[in-house]
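The values are calculated or read from the model by the stated rules, or taken from the named source; none is laboratory data. Fair warning: this is a prediction, and the values are worked out from it, not measured in the lab. Here Cβ is always computed from backbone atoms with ideal geometry, including for glycine, and neighbour counts include all displayed protein chains.
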Protein chains: 2
Amino acid sequence: MDSEAFRRHAHELVDWMADYIESIEERPVKARVAPGEIAGKLPESGPEAGEGMEAILADFRGIILPGMTHWQHPMFMAYFPANSSYPSLLAEMLTATLGAQCMSWETSPAAAELEGRVMNWLRDWLGLPAEFEGVIQDTASTATLCALLSARERVTDFGINERGFSGQRFAVYCSTEAHSSIEKDVRIAGFGSASLRKIPVDDEFAMQPRELAARIEADRAEGVTPLCVIAALGTTSSTAIDPIDAIGEVCRAQDVWLHVDAAYAGTALLLPECRWMLGSARDVDSLVVNPHKWMATNFDCTAYFVRDPEMLVHTFDIQPEYLKTRVDDRVRNYRDWGIQLGRRFRALKLWFVMRSFGREGIQAMLRRHIEHGQWLAAAIDEHAAFERLAPAPLNCVCFRWLPPGAEDEATIERSNRGLLAKIQDSAELYLTHTRLGGRYALRIVPGQTRVEHRHVEAAWRLVRETAAALED
Amino acid sequence: MDSEAFRRHAHELVDWMADYIESIEERPVKARVAPGEIAGKLPESGPEAGEGMEAILADFRGIILPGMTHWQHPMFMAYFPANSSYPSLLAEMLTATLGAQCMSWETSPAAAELEGRVMNWLRDWLGLPAEFEGVIQDTASTATLCALLSARERVTDFGINERGFSGQRFAVYCSTEAHSSIEKDVRIAGFGSASLRKIPVDDEFAMQPRELAARIEADRAEGVTPLCVIAALGTTSSTAIDPIDAIGEVCRAQDVWLHVDAAYAGTALLLPECRWMLGSARDVDSLVVNPHKWMATNFDCTAYFVRDPEMLVHTFDIQPEYLKTRVDDRVRNYRDWGIQLGRRFRALKLWFVMRSFGREGIQAMLRRHIEHGQWLAAAIDEHAAFERLAPAPLNCVCFRWLPPGAEDEATIERSNRGLLAKIQDSAELYLTHTRLGGRYALRIVPGQTRVEHRHVEAAWRLVRETAAALED
């Protein structure tokens, strides 16, 4: 393909991109395809000779697109969103064009320095103490792994990096509601699932600091080294907010690393009225928040903040001859701030978003989303056939249907599974489920960049009408 | 920003993108900025109110761009390339627009099924046995970590995942020329640097299988469990090719996992004349190759292939309630094929590239690049003032300048450091250095998607003329 062909196709695609976003509501939010259906339309071998872009784009539209679930659809209220926005898209076009690999300062000086700046901007917007510094990583899974590894090396004076595990016994703490990636990370880092203590939660699904303190003391008494507490600023199931300050006091007293998983809800720290969620942050060692979830910045863009950057860098730095540059003593080489050597130029899209929206613009979006959540929570509370199953501090609402006559838990769960299946199969609304206190819960998160009140009303109407139809 | 404004700016950007690539040679390949220079032009705080896109794009052009090193410049001959191409760029525009998060089949069915298909296409193009299956990850650092973790769990029957390390002693093997990410991964996985055995290389910088066998036997005799051998199909310093079949025999006899790091050079397996590098692959358990390096596919796009996908999945799968879907028993959820939960739709760009180039198109590009390398190697061999320091099986050429009168190693190294600095400061050519057999080496890789013979001639002329000027 030559430059002229690229120019022509790229212009066509820009119109397609704008049309796609404008008309996204005309599409089913959730793909209506059976397993194997798309693969069955794709050849088993790659082509010998090159094909024209017309044919490739036609297959994109005809085969791939009907099999996609549309994450940018305002009726996408499943999981947590992975939001995009126009400024973010523009930046992604530039990032792809530059094609820079941002492992070292020298391989992309402006990318490294912009990353430092936007991380400082974001730190200040989130209300994190000024001594924190940040790095952009890919996902919260990876950032939390970095926290565990830093904690591991701090407590062993880099001994496991050097000599590996040698009989030490460690414990890592999170609540029973913490994200599954924490257990995955605990395994990767060599601790094993058995070292993960899942601390009980209160009736709002937040970690109980007294239970945490008791467990840490019991571990110490048995010769186990308490290593790291991972507090959730917004659990995955219900955005429960662990009491960070109270947990921090336990961590300080016990000299344990405190990592805060604020992957989704952390963005709400931009709002003064939500700043209570973080407390003073006095004892926080690290925090992860994903602008790629609730801050209109394309996936992937995870912000990982640490109080002690030296500790992070010393956990990861390896300097082979072929990576050394003449300025290493004067610059940040972000390859030493995480697991991967290779790094995309992710700071650009965050810069575009922060500047284009401004703090006020993002705050306004967050407040709209939280209003949507509060409206839904109130509507559910007012309806006799539905029951809310958790507090909704932000815009994630967990609830269930109480079908007439269904009195035992098993029947209620079966009915709710049926309701969710019907809604998902309608492809008009995408929501998912979880389990809270043993109970099967429907879970709805109206938080897509472009979601409006009419979508939330439509979602709630669909839930009610689908339930009513199932009653007949 | 509304749809009309996006459409207008995106069209402007398309012209900028096409112009940028067309005129990239007019730019210095390497940024000419001092540490702190770019940061000094960026405000210390993010804006309260949103800003217009004109201002943001003006700053992109005026502040960011002059501070970028241009990885898509044909005179970029440093490190290994991270190549883009027009079809890849078009796909990146679509991937960003869809903004799909491809953790599970259900969250993006077409993305999951396309990924399975293109991984099969690539497996066949590379000549890997048909039982291998692939997954797209972000970087080779991560893929190699997956191999180490799978090997760890295979040998302990998932015991470390469950209970952590408990006194076992393991050893991991690679050559003295292996990539630094291996040691980083060995640390992350909890083995410690001390468990990494760096096996001596022969005078072509390839691992010596007899030394490997001896070291494995010695470890076993001392009660250490040999866990994993990581063979390089193309070392980072000089693309030395470890003898995979001979190493495989050792691994089979000793029941040790064999992972092949073919991050850069593996793409050359598309050429029948390079297929010897992999041998029969009979004993290979896993292999990583980066289409984002030498296959014209935007970073990041790492292909990780395994012989036993069940082993990979069982190493990583965790199924919390909120991630369960109704089809989990019938589909691939690629979140269980690696470390991160969240995943971009990376298969799209690889599909666009493989179809647009076709196998023949990629083969033609690879052959051109290898010819460039061979031409350079021959030119260096013919020149009395330069010395080649390693075989050049592909297009990475390692050499040094022998300035007149410089007889001791220290003087030669100092002269070559000076030569490299002069070339880098010229910003006309970007190459880097390494160390081979203790000797400081310049390292040049003419492998950018659009590099032509005239660029290679210009690079060689610049090296000679800069050296000559230093002589004066």
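Yes or no, residue by residue, for (1) touching a Pro at 6+ places or on another chain (Cβ under 6 Å); (2) within 22 Å of A:Ala39 (Cβ to Cβ):
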site: B:Tyr322; (1), (2): no, no
site: B:Arg330; (1), (2): yes, yes
site: B:Arg335; (1), (2): no, yes
site: B:Gly342; (1), (2): no, no
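All conditions in (1) under 20 Å from the mean Cα position of the chain (by Cα); (2) surrounded by fewer than 24 Cβ atoms within 10 Å (Cβ to Cβ) hold for A:Ala231, with the sole exception of (2). Filtering the range A:133-168 to residues that are among the charged types (D, E, K, R) and in contact with an Asp or Glu (Cβ under 8 Å, 6 or more places away or on another chain) leaves only A:Asp138. You will find that of B:Phe132, B:Phe205, B:Phe170, the residue that is more than 23 Å from A:Gln168 (Cα to Cα) and touching a helix residue (DSSP H, G or I) at 6+ places or on another chain (Cβ under 7 Å) is B:Phe132 and no other. In the range B:1-104, counting only helices (runs of 4 or more DSSP H) that sit wholly within it, the ones holding 1 or more residues that are buried (at least 23 other Cβ atoms within 10 Å of the Cβ) and more than 7 Å from chain A (Cβ to nearest Cβ) span B:86-98.
Residues in the range B:120-142 that are touching a Leu at 6+ places or on another chain (Cβ under 9 Å) and within 10 Å of chain A (Cβ to nearest Cβ): B:Trp121, B:Leu122, B:Trp125, B:Thr139, B:Ala140, B:Ser141. For the range A:331-363, a tally of residues being out of contact with any Asp or Glu (no Cβ under 9 Å at 6 or more places or on another chain) and free of Cβ contacts under 8 Å to residues at least 60 places away in the same chain returns 1.
Among the conditions (1) more than 10 Å from every other protein chain (Cβ to nearest Cβ); (2) aromatic (Phe, Trp, Tyr); (3) in contact with a Phe, Trp or Tyr (Cβ under 8 Å, 6 or more places away or on another chain), the only one that A:Tyr173 does not satisfy is (3). Taking the criterion of being within 9 Å of chain A (Cβ to nearest Cβ) and of a type in the set (A, V, I, L, M), the residues of the range B:328-360 that qualify are B:Val331, B:Ile339, B:Leu341, B:Leu348, B:Met354.
For the range A:330-346, indicate whether the set of residues that are touching a helix residue (DSSP H, G or I) at 6+ places or on another chain (Cβ under 9 Å) and farther than 30 Å from B:Leu442 by Cα is non-empty. Checking the range A:330-346: at least one residue is touching a helix residue (DSSP H, G or I) at 6+ places or on another chain (Cβ under 9 Å) and farther than 30 Å from B:Leu442 by Cα. Could you go through the range A:195-204 and let me know if any residue there is within 18 Å of A:Gly234 (Cβ to Cβ), within 13 Å of chain B (Cβ to nearest Cβ) and not β-branched (Val, Ile, Thr). Yes; the residues of the range A:195-204 include at least one that is within 18 Å of A:Gly234 (Cβ to Cβ), within 13 Å of chain B (Cβ to nearest Cβ) and not β-branched (Val, Ile, Thr). If you take the residues in the range B:413-444 that are among the hydrophobic types (A, V, I, L, M, F, W, C) and farther than 19 Å from B:Ala31 by Cα, which one is surrounded by the most Cβ atoms within 10 Å (Cβ to Cβ)? Residue satisfying both the conditions and the ranking: B:Ala441. Does A:Met277 qualify as being at pLDDT 95 or above, assigned by TED's automatic domain parsing to the domain that holds A:Leu148 and within 30 Å of A:Val445 (Cβ to Cβ)? Yes; evaluated as a whole, the condition is true for this residue.
Being surrounded by fewer than 24 Cβ atoms within 10 Å (Cβ to Cβ) and of a type in the set (Gly, Ala, Ser) is the filter here, so list the residues in the range A:115-142 that pass it. Correct list: A:Gly116, A:Gly127, A:Ala130. The set of residues in the range B:425-463 being part of a helix (DSSP H, G or I) and either within 26 Å of B:Leu366 (Cα to Cα) or within 20 Å of the chain's Cα centre (by Cα) (or both) consists of B:His453, B:Arg454, B:His455, B:Val456, B:Glu457, B:Ala458, B:Ala459, B:Trp460, B:Arg461, B:Leu462, B:Val463.
A:Leu402 falls short on exactly one of the conditions (1) outside the structural domain of A:Glu133 (by TED's automatic domain parsing); (2) closer than 18 Å to A:Pro291 by Cβ, and that condition is (2).
B:Gly373 - would you say it is over 25 Å from A:Leu431 (Cα atoms), within 23 Å of the chain's Cα centre (by Cα), among the small types (Gly, Ala, Ser) and surrounded by fewer than 18 Cβ atoms within 10 Å (Cβ to Cβ)? When the stated conditions are applied, B:Gly373 does not pass them.
This table checks each residue for (1) in contact with a His (Cβ under 9 Å, 6 or more places away or on another chain); (2) of a type in the set (A, V, I, L, M); (3) at positive phi; (4) assigned by TED's automatic domain parsing to the domain that holds A:Leu258.
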position: A:Leu122; (1), (2), (3), (4): no, yes, no, yes
position: A:Pro129; (1), (2), (3), (4): no, no, no, yes
position: A:Phe132; (1), (2), (3), (4): no, no, no, yes
position: A:Ser141; (1), (2), (3), (4): yes, no, no, yes
position: A:Leu145; (1), (2), (3), (4): no, yes, no, yes
position: A:Arg154; (1), (2), (3), (4): no, no, no, yes
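Residue count for the range A:169-195 under the criterion of being of a type in the set (A, V, I, L, M), free of Cβ contacts under 8 Å to residues at least 24 places away in the same chain and not in a helix (DSSP H, G or I): the result is 0. If you go through the range A:376-409 and pick out every residue that is of a type in the set (A, V, I, L, M), surrounded by 20 or more Cβ atoms within 10 Å (Cβ to Cβ) and not in a helix (DSSP H, G or I), you end up with 5. Filtered by the rule that a residue be at the interface with chain A (Cβ under 9 Å from one of its Cβ atoms), within 26 Å of the chain's Cα centre (by Cα) and crowded, with 24+ Cβ neighbours inside 10 Å, the range B:143-166 gives B:Leu145, B:Leu149, B:Arg152.
Does the range A:390-397 contain any residue that is out of contact with any Pro (no Cβ under 7 Å at 6 or more places or on another chain), within 12 Å of chain B (Cβ to nearest Cβ) and farther than 30 Å from B:Ser181 by Cα? Within the range A:390-397, one or more residues are out of contact with any Pro (no Cβ under 7 Å at 6 or more places or on another chain), within 12 Å of chain B (Cβ to nearest Cβ) and farther than 30 Å from B:Ser181 by Cα. For the range B:300-327, which positions are at the interface with another protein chain (Cβ under 9 Å from one of its Cβ atoms), at pLDDT 95 or above and either more than 19 Å from B:Ser150 (Cβ to Cβ) or touching a Ser or Thr at 6+ places or on another chain (Cβ under 8 Å) (or both)? B:Asp300, B:Thr302, B:Thr315, listed by residue number. Residue count for the range B:247-266 under the criterion of being within 13 Å of the chain's Cα centre (by Cα) and not in a strand (DSSP E or B): the result is 5.
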